[in-house]
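The values are calculated or read from the model by the stated rules, or taken from the named source; none is laboratory data. This is a predicted model, so every value here is computed, not measured. Here the Cβ positions follow ideal geometry from the backbone for every residue, glycine too, while neighbour counts run over all protein chains shown. Just the protein is used for accessible areas: all its heavy atoms, side chains included, with ligands, DNA and RNA removed. Shrake-Rupley method; radii C 1.70, N 1.55, O 1.52, S 1.80 Å.
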Amino acid sequence: MFALLAIVIVLLLIILLDTTRQHHAAKFARTIATIRPCYPLLGIASVFLGKSELQRFENFVKVLQTVDRIGKAWLGPQLIFYVSHPDLIQQVLTDPNCCEKPFFYEFVKLKHGLFSAKYSLWRPYRKALNPTFNAKILNSFVPIFERFSRKLVQNLKSRPEGTAVDMLEFTTECALEMVCGTTLGTGLKNGSGKREFMRSMQVLMSKVATRVLSVSIYNESIYCLTKGHKEENRARQNCLDFALRIIKDRRGVLGTKAESMDSDDGYQVRRPKLFIDQVLSGTHSETNFDEQNLSEQVLTIMGAGYDTSAHMVAHTCLFLAMFPELQEKLALEIESKLPDHEQELTVDSLKDLPFLDKFYKESMRLAPVGSTVARENLTEIELDGCRIPRGNIFLLNYFILHRRKDVWGPDADQFDPENFAPERSSGRHPFAYLPFSGGSRNCIGARYAVISNKIMIIHIVRNFRLSTEIKFADLKYRLEVTLHLAFKHLITLKARK
């Protein structure tokens with residue numbers, strides 16, 4: 001009895017101390033509303049405890065949707081500000097002193113990659129990588145995007161017609177082939193380990209997402225004792241080993257072929273020198289890339305590039321299957337503007353497909369792959385009259401932003417490509433739609449993704465009619481580093497005659 005009483009007293013003292021600490025720590029933000037629930041010790045983390053990935057996502061969205069402009073919450077011991085209004089989102093993302101990534105990005109343990117690098121490292125790396133995504137290089141990638149899109153179609157045709165397939169499986173392999181065939185300058189041969197890489201990348205991102213939402217394992221010493229730590233380390237090492245093999249293969253290519261030519265996988269394209277070529281040939285002097293540094297950069301490019309593109313296209317295909325009348329409208333546009341299926345696509349020909357552009361944008365509005373980001377301020381920032389000291393964390397959620405009824409109208413939750421018609425888009429807040437984030441630390445591969453994704457979609461719609469048993473109202477998502485569907489992208493394909 002005495003022992004139980006002692007435990008109760010200790011718990012009460014801990015709760016009292018925690019409440020007092022929170023009161024003093026957030027005293028400067030007393031004018032900012034607190035997001036509920038806010039329990040002692042846990043704060044908002046209680047909405048994640050013991051919940052499935054699906055429940056975590058739904059609870060997360062439900063809680064954040066109560067905030068109109070800015071709210072504060074405690075994630076265990078960590079104070080976080082959730083910024084929801086486009087005006088404030090623009091202020092955070094465009095402030096040069098708000099470009100830091102918070103501590104939980106370090107859980108990825110790729111300190112040199114653009115996704116998770118600290119600002120002091122990110123700035124020179126981003127400057128070094130920017131030229132590798134310029135318009136000239138992207139235009140030169142189009143034939144390679146087409147080549148792998150045609151291979152995607154052939155893979156889909158190999159499945160029995162009329163049977164449902166998980167579209168994500170096919171778009172994932174295609175997107176990875178594209179990334180390695182373009183930004184890294186090498187094709188993936190049989191036995192390259194690409195399937196093990198994709199599996200390991202999924203494990204890695206899942207473990208990182210779980211840790212971000214589990215304050216009990218923030219501490220590295222505690223996390224090291226868990227099964228998840230071992231699985232995560234194994235998956236990360238598999239991914240890094242794959243990246244090192246890519247670098248090794250590229251070194252071999254540079255040693256035997258002209259620098260402006262590439263025929264790794266049976267094709268040959270003349271194009272400007274790629275980033276990886278500049279580093280490996282020693283001509284890139286702005287940043288010092290050692291082996292570990294380069295492998296982390298390559299892994300980040302591959303991981304971010306293929307995973308996001310694969311999900312973007314899979315989501316778009318699912319929406320096409322759900323809305324057959326819109327699908328036929330797109331098929332008619334493609335056939336009328338691009339009747340010759342053997343003629344090579346160009347960036348200019350993609351611009352002549354306005355309905356494809358609207359449909360693709362609407363897909364990214366309702367299912368933004370990079371749905372949640374966070375920033376940390378390096379100096380004091382003022383939001384809605386509150387002066388927030390340096391070192392605080394700001395959370396942004398584009399899944400919720402893209403559903404604001406004051407921006408998108410009363411039917412903001414419905415799928416409508418006409419949201420991106422010129423007459424509706426005119427005057428819309430520039431930071432109300434952020435599928436690739438915004439500000440200087442936005443997605444470096446945004447244009448790459450749009451071009452490669454649209455080419456994949458064109459080839460799929462040209463060759464198949466898509467249908468699905470999944471209803472739009474039944475769509476559910478789960479909380480990962482990127483936005484994932486809670487179930488498979490099951491789509492039935494029927495060949496177009």
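For the reader, a short list of remarks on this structure follows.
- Restricted to the stretch 177-217, and to residues there that are of a type in the set (A, V, I, L, M, F, W, C) and outside any helix (DSSP H, G or I), the residue that is modelled with the lowest pLDDT is Leu188.
- Just one of the listed residues (Gln297, Gln343) is over 21 Å from Leu152 (Cβ atoms) and not small (Gly, Ala, Ser), and it is Gln297.
- Criterion (more than 20 Å from the chain's Cα centre (by Cα) and touching a residue at least 60 places away in the same chain (Cβ under 8 Å)) met by exactly one of Asn59, Asn130, Asn139: Asn139
- Whichever residue in the stretch 274-295 is closer than 24 Å to Arg195 by Cα and open to solvent by 10 Å² or more (accessible area, probe 1.4 Å) and, among such residues, is modelled with the lowest pLDDT: Glu291
- Filter result (hydrophobic (A, V, I, L, M, F, W, C) and open to solvent by less than 20 Å² (accessible area, probe 1.4 Å)) within the stretch 416-445: Ala421, Ala432, Leu434
- For the stretch 114-124, the candidate set comprises residues that are among the hydrophobic types (A, V, I, L, M, F, W, C) and more than 19 Å from Asn377 (Cβ to Cβ); within that set, the residue that is least open to solvent (accessible area, probe 1.4 Å) is Leu114.
- Listed by first and then second residue, the pairs linking a residue in the stretch 335-361 that is free of Cβ contacts under 8 Å to residues at least 24 places away in the same chain to a residue that is open to solvent by 30 Å² or more (accessible area, probe 1.4 Å) and in a loop (DSSP other than H, G, I, E, B), with Cβ atoms under 8 Å apart and 6 or more places separating them unless they lie on different chains, are Lys337/Asp352.
- Any chance Ser120 is within 30 Å of Ile393 (Cα to Cα) and of a type in the set (Gly, Ala, Ser): yes
- Of all residues assigned to the stretch 400-408, none qualifies as being touching a residue at least 24 places away in the same chain (Cβ under 8 Å), hydrophobic (A, V, I, L, M, F, W, C), open to solvent by 10 Å² or more (accessible area, probe 1.4 Å) and over 30 Å from Pro324 (Cβ atoms).
- Residue match in the stretch 65-84 (condition: on the phi > 0 side of the Ramachandran plot and either open to solvent by 20 Å² or more (accessible area, probe 1.4 Å) or in contact with a strand residue (DSSP E or B) (Cβ under 7 Å, 6 or more places away or on another chain) (or both)): yes
- When residues in the stretch 304-334 are screened for being under 30 Å from Asp241 (Cβ atoms) and either free of Cβ contacts under 8 Å to residues at least 12 places away in the same chain or touching a Gly at 6+ places or on another chain (Cβ under 8 Å) (or both), 3 of them pass.
- Among residues of the stretch 420-441, those that are on the phi < 0 side of the Ramachandran plot, touching a residue at least 60 places away in the same chain (Cβ under 8 Å) and not hydroxyl-bearing (Ser, Thr, Tyr), counted: 11
- Contact map, the stretch 37-54: first residue within 15 Å of Glu480 (Cα to Cα) and open to solvent by less than 40 Å² (accessible area, probe 1.4 Å), second residue of a type in the set (Ser, Thr, Tyr) and outside any helix (DSSP H, G or I), Cβ cut-off under 8 Å, separation 6 or more or different chains; pairs are Phe48/Ser214.
- Residue among Ser221, Ser158, Ser206 that alone is out of contact with any strand residue (DSSP E or B) (no Cβ under 7 Å at 6 or more places or on another chain), closer than 30 Å to Leu79 by Cβ, open to solvent by 50 Å² or more (accessible area, probe 1.4 Å) and of a type in the set (Gly, Ala, Ser): Ser221
- Which listed residue, of Tyr433, Tyr398, is among the hydroxyl-bearing types (Ser, Thr, Tyr), modelled with pLDDT of 95 or more and in contact with a Lys or Arg (Cβ under 8 Å, 6 or more places away or on another chain): Tyr433
- Residue check, Glu380 open to solvent by less than 50 Å² (accessible area, probe 1.4 Å) and either in contact with a strand residue (DSSP E or B) (Cβ under 7 Å, 6 or more places away or on another chain) or not acidic (Asp, Glu) (or both): no
- Residue within the stretch 125-147 that is of a type in the set (A, V, I, L, M), open to solvent by less than 20 Å² (accessible area, probe 1.4 Å), in a helix (DSSP H, G or I) and within 30 Å of Lys494 (Cα to Cα) present: yes
- Against the numbered list (1) on the phi > 0 side of the Ramachandran plot; (2) modelled with pLDDT of 95 or more, Glu328 comes up short only at (1).
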